[in-house]
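Report on the following structure.
The values are calculated or read from the model by the stated rules, or taken from the named source; none is laboratory data. Remember, it's a predicted structure, so these values are computed and weren't measured experimentally. Positions of Cβ are backbone-derived with ideal geometry, glycine not excepted, and every protein chain shown enters the neighbour counts. Note: areas computed on protein heavy atoms with side chains; ligands, DNA, RNA excluded. Shrake-Rupley method; radii C 1.70, N 1.55, O 1.52, S 1.80 Å.
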Amino acid sequence: GRSIVLTESGSILMSRASEVLKQMEGLQAEVRGARQTRQPVRLVARAAASILPGLLESFHKTQPDIAVSVVQNDNHVIRNQEYDLMIAGTIMQPPKYSSTVLLDDPFRVLLPLGHPLCGQKEVELSQLSGEAMIGLTPNRFISTVISQVLEEQQVRVVHHVYSDDTLMIRNLVERGLGFAIVPAFTLRSVDKQRLCELPIKGEFPSLHLVLSWKPDTYHPEQVRWFRRFVLEYFHNLREKEYVPF
């Protein structure tokens, strides 16, 4: 009834109850994890498609008994957090308690070889106004960011083709169907002999490639192994190959 209130002992218990329940849930998850050490690590990959094959090859050489299941386009898995780790791109700085930045991935302009701007060291977005652009699929995260920047700088472009496939974008640009704006590491493994890739002059947001995980959750040993490997792999990648602009 309305006249019932907690005693002092009840108040103490109430303040600690959620903490105790969380510890019990963690203990249960730890026991389940110990029974499922052979389960694959479930990795959601929403970015770094050109980097993952090399990463997974290297991991398999060091940990051949740990399998990795890569999920790319399953919104149900992402929405319900039915994964162990996720690699994704974001413009905002992610929360440190449940994620870490693997590297900063600046955007580049991709042009067909022979384009008048190819002789420059960098390109201003205003120089692309009125040209055809190979757009990323509308309403996606990166395409929305690019569209907002172009609109803010009053750069008008013409869209004839949209694609999220790296090889498709490369081939379309090479054939002269338009320029493209893509993150630098998206082009890392692409043959660019008949293309030119230019930095963008002036302010343009940089994409943060982020590794994230579910906070306050027990992670089995194989997940911890894989997370450490991913962090070390990207650290070495930054040291050897990545030069920020």
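Observations on the model:
- Debye intensity ratio in log₁₀ form over the Cα atoms of the range 102-245, taken at each q of 0.14 Å⁻¹: -0.72
- Ranked by how many other beta carbons lie within 10 Å on average, peptides 200-209, 219-228 from highest: 219-228, 200-209
- In this rough spin-label picture, where each label sits 7 Å from Cα along the Cβ direction, the Arg79-Ser15 distance is 4.0 nm.
- Using a probe of 1.4 angstrom and keeping all protein chains present, the accessible surface of the chain works out to 62 square angstrom per residue.
- Those lysines that a straight Cα-Cα span of less than 29 Å connects to Lys96, excepting residues fewer than 8 apart in one chain: Lys22, Lys214, Lys240
- Sum of side-chain charges, Ile169 neighbourhood, beta-carbon under 14 Å (Lys, Arg +1; Asp, Glu -1): +2
- Among Ala132, Ala180, Ala17, the largest mean-square fluctuation in a Gaussian network model of the chain, built with springs joining Cα atoms closer than 10 Å, belongs to Ala17.
- Take Tyr162: with every protein chain present and a 1.4 Å probe, its accessible area is about 110 Å².
- The chain, accessible surface, carbon-and-sulfur percent (1.4 angstrom probe): 50
- Within the listed set Thr100, Thr186, Thr137, the Gaussian network model of the chain (springs between alpha-carbon atoms below 10 Å) gives the highest mean-square fluctuation for Thr137.
- Derived scalar couplings between HN and Hα for the range 180-185 equal 9, 10, 9, x, 4, 6 Hz in order, rounded to whole Hz, by the Karplus curve 6.51 cos²θ - 1.76 cosθ + 1.60 (θ = phi - 60°), x for Gly and Pro.
- Two tests apply to each whole DSSP H helix in the chain, Cα reach of 30 Å or more along its axis and mean Kyte-Doolittle hydropathy of at least -0.5, and the ones passing both are 8-35.
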